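Asker: Sharing a structure, written as structure tokens. Questions coming.
The values are calculated or read from the model by the stated rules, or taken from the named source; none is laboratory data. On a predicted model such as this, the values are computed, not experimentally measured, just so you know. Positions of Cβ are generated from backbone atoms using ideal geometry, with glycine treated the same way; all protein chains shown enter the neighbour counts.
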Amino acid sequence: MPTHYEILGAAPGANPEELRQAYLRRARALHPDHLSGASDELASSSARAMQDVNEAWRVLRDPASRSSYDRSIARPRPAPQVEAEDAVVDPDDRPYPPVMVDPAHVGAQVLRGLPWVAVVAVLAAIFVFTAFAGGQDGSGDSVTRWAGKCVGTRTGVGMVEVPCSEPGAELVSLVVERQSLCPNGSTAAPVEDSWLCLRRADGPGAP
């Protein structure tokens, strides 16, 4: 099983910024836009890979959990103890070769029956809420609080959260790093180092 560092494509001694950049590269490579026209099996495999990338980033981005993980992979794992009476000896003393199971193939079998639209929706949801969730500087974490909320502009205050029923309220559909990542039909508003993708709160799909 690959380590979290191998999943992100980073060295075990990488600093926090190098880990963050490695995570963003992997997340962008698995973005749904790169899977246009791909087979259901490839889309399912990419969804499973994105989950592994997210889990690796969750563990390694926090210094405490990363330290604990580093200790766990540094310790040699003890071999399982086998009771003499339960031991099975091959007559010609040759062990059977191990059977390798590809986790991505297992995920593909489970998701093979899902419609393509559902697979894309899963990939998009994973990417939106995790791929650009912010880095170690903490600014991304504060900006993502706007996702799914309605906002309005107040004179002298700027952008604030408002009830979605308020006239002129806009719904924050996405929080992204670049203005160009906002989907068609939405407007982009800069907040700190990120962009809020806005659409009318009373439009289709609004809460």
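Asker: Which members of the range 9-60 meet the condition of being more than 13 Å from the chain's Cα centre (by Cα) and in a loop (DSSP other than H, G, I, E, B)?
Answerer: Gly9, Ala10, Ala11, Pro12, Gly13, Ala14, Asn15, Ser36, Gly37, Ala38, Ser39, listed by residue number.
Asker: Between Pro2, Pro12, Pro63, Pro16, which is surrounded by fewer than 16 Cβ atoms within 10 Å (Cβ to Cβ), in contact with a Ser or Thr (Cβ under 8 Å, 6 or more places away or on another chain) and not assigned by TED's automatic domain parsing to the domain that holds Leu181?
Answerer: Pro12
Asker: When residues of the range 146-197 are filtered for being aliphatic (A, V, I, L, M), surrounded by 13 or more Cβ atoms within 10 Å (Cβ to Cβ) and part of a loop (DSSP other than H, G, I, E, B), how many remain?
Answerer: Qualifying residue count for the region: 3.
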